[in-house]
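Structure record follows, encoded as C-alpha cells.
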Amino acid sequence: MKKRRAFGIAAIAMALVVALFAAGCGDKTAELSKAVTGIWRVEKSGGTDLTTLEDAGLAVFYMFDDDGTFTMRALAMGSTVDRTGSWEVKDGQVVVSVPEAKEQTGDAGSSGIKLTGPAIKDAVVTVEEGTLKVEINSKEMEAKEVTQEEYDEILKASKAKGPQEIALNQQVDNEGCSFTVTSLDFMEEIYPDDTSGYYQYYEDEAGSSYLVARVSATNTHNEYIVPGWATNASFTLDGNKYGAQIVVIDGSNLSQSISIDPQQTVDLYIFASIPDSMKGAKSVELSWTLPKSGSLLNKYFNSSNDSTTYTLAK
C-alpha cells in the first residue's frame, strides 16, 4: 500500500512539474509575442544610420502582426514595397523567416522601387531596452517601435517628397510654369493646329500609335522658358515605361526648341510611340518632371537638380 501511495504521489508531483513547466513556456511565449508585435522603424543597418534618409522620403519598417505575419517594408517618397514572411516563438526565441525575393516592385508605377534579397531562415529577434535587433544577411539591424499614428505621419511626409498626383483639367502652379493637362489619348498621327499650308507632323508608324497628352502652359517666370529642353516626361502602361518627347505647338510648327516668353500661354504635346498591343492597357500614367526653380526652365534638363514630378493616371 505504501509503495502504491508513494508512486501516486510521485506521479502527481511529476504532473505538477510538467504543468508548471508548460505554463511557464506559455507565459514566456506570450511575453515574447507581446514584446515584438507592432510596427518597428529600422534606424540602423550594419551600423549605418538610416534616419538621415528621412529628408529624402526614405524609411524602412519591420511589421510583426499578431497572426504571425512578418513584413519588411521599404518606403520611398510615398511608394511602398514589401517582403512578406512569418515570425514565431521557437525554443524560447522569436525568429523570422522570409522567402527569397527575386524582384518586387513598389505600389507606384513611377517610383521604380525594386527589392531583391536572399531567403531569411529563422533569424533571431531580440528586444532590449526598447530596441529591436535582428541579423539580416550578415548585417545587424536595429529598430525602434512606432505607433500607427506615427507611421501614418511618416508615410504622409514621405508622400510629400514624391510625385504629385494631378487630374485632367486641373491647373497646376509650378514655379515658373503654370499648366493644365487638357487631354490624354491615343492618336495615329500628330498634327499642329494650323494645317492650311506647309506644316510639320508626326506620321503613322506601323504597329504603333502615339499616346498624346495636350497641355496648356503659361510662362510665369520673368525670362523665356523652353519646356522641350528643360523638362522630362514618360508614360507608364501596365508597368511598362516609355520615354516621351515634349514639343510646343506654334501654328504649323511642332518643336522641342520653341521658347515661351514671360506671361505667354501656349499648348504643348507630350507624346510617345507605344506598341499597338498596349492600347488596351489597364493602367496608363503620365509622369512629367519640372525643375522647382523657374531659372532652370531655359536650360537642359538635369536629373540632379531639385525638381517636382507630376503624375496623371487615366
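Here are a few things to note about the model shown:
- The condition of being hydrophobic (A, V, I, L, M, F, W, C), assigned to a helix (DSSP H, G or I), at pLDDT 50 or above and closer than 21 Å to R73 by Cβ holds for only one of A30, A35, that being A35.
Quick grid of which residues meet (1) in contact with a strand residue (DSSP E or B) (Cβ under 7 Å, 6 or more places away or on another chain); (2) open to solvent by 20 Å² or more (accessible area, probe 1.4 Å); (3) part of a strand (DSSP E or B); (4) modelled with pLDDT of 95 or more:
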{"residue": "A59", "(1), (2), (3), (4)": "yes, no, yes, no"}
{"residue": "F70", "(1), (2), (3), (4)": "yes, no, yes, yes"}
{"residue": "L75", "(1), (2), (3), (4)": "yes, no, yes, no"}
{"residue": "D82", "(1), (2), (3), (4)": "yes, yes, yes, no"}
{"residue": "S86", "(1), (2), (3), (4)": "yes, yes, yes, yes"}
{"residue": "V96", "(1), (2), (3), (4)": "yes, no, yes, yes"}
{"residue": "E103", "(1), (2), (3), (4)": "yes, yes, yes, no"}
{"residue": "A108", "(1), (2), (3), (4)": "yes, yes, no, no"}
{"residue": "S111", "(1), (2), (3), (4)": "yes, yes, no, no"}
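- Among the residues of region 241-267, those that are open to solvent by less than 70 Å² (accessible area, probe 1.4 Å), of a type outside the set (V, I, T), in a strand (DSSP E or B) and touching a Ser or Thr at 6+ places or on another chain (Cβ under 8 Å) comprise Y242, G243, D267.
- Residue ranges of strands (runs of 3 or more DSSP E) in region 154-208 with at least 1 members farther than 20 Å from V284 by Cα and in contact (Cβ under 8 Å) with a residue 40 or more places away in the chain: 171-174, 177-187
- Any hit, region 274-281, residues being surrounded by fewer than 21 Cβ atoms within 10 Å (Cβ to Cβ), in contact with a helix residue (DSSP H, G or I) (Cβ under 9 Å, 6 or more places away or on another chain) and assigned to a loop (DSSP other than H, G, I, E, B): no
- All positions within region 139-153 that are more than 14 Å from L75 (Cβ to Cβ), among the acidic types (D, E) and in a helix (DSSP H, G or I): E149
- Looking across region 235-251 at every residue that is within 12 Å of V284 (Cβ to Cβ) and not charged (D, E, K, R), the one that is modelled with the lowest pLDDT is identified as G239.
Okay, residues lined up against (1) under 25 Å from D306 (Cβ atoms); (2) in contact with a Lys or Arg (Cβ under 6 Å, 6 or more places away or on another chain); (3) small (G, A, S); (4) at pLDDT 95 or above:
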position	(1), (2), (3), (4)
I225	yes, no, no, yes
W229	yes, no, no, yes
S257	yes, no, yes, yes
F271	no, no, no, yes
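The values are calculated or read from the model by the stated rules, or taken from the named source; none is laboratory data. None of these values were measured; they are calculated from a predicted model. Cβ atoms come from the backbone with ideal geometry, glycine included; neighbour counts cover every protein chain shown. We work out accessible area using only protein heavy atoms, side chains counted, and drop any ligands, DNA or RNA first. Shrake-Rupley method; radii C 1.70, N 1.55, O 1.52, S 1.80 Å.
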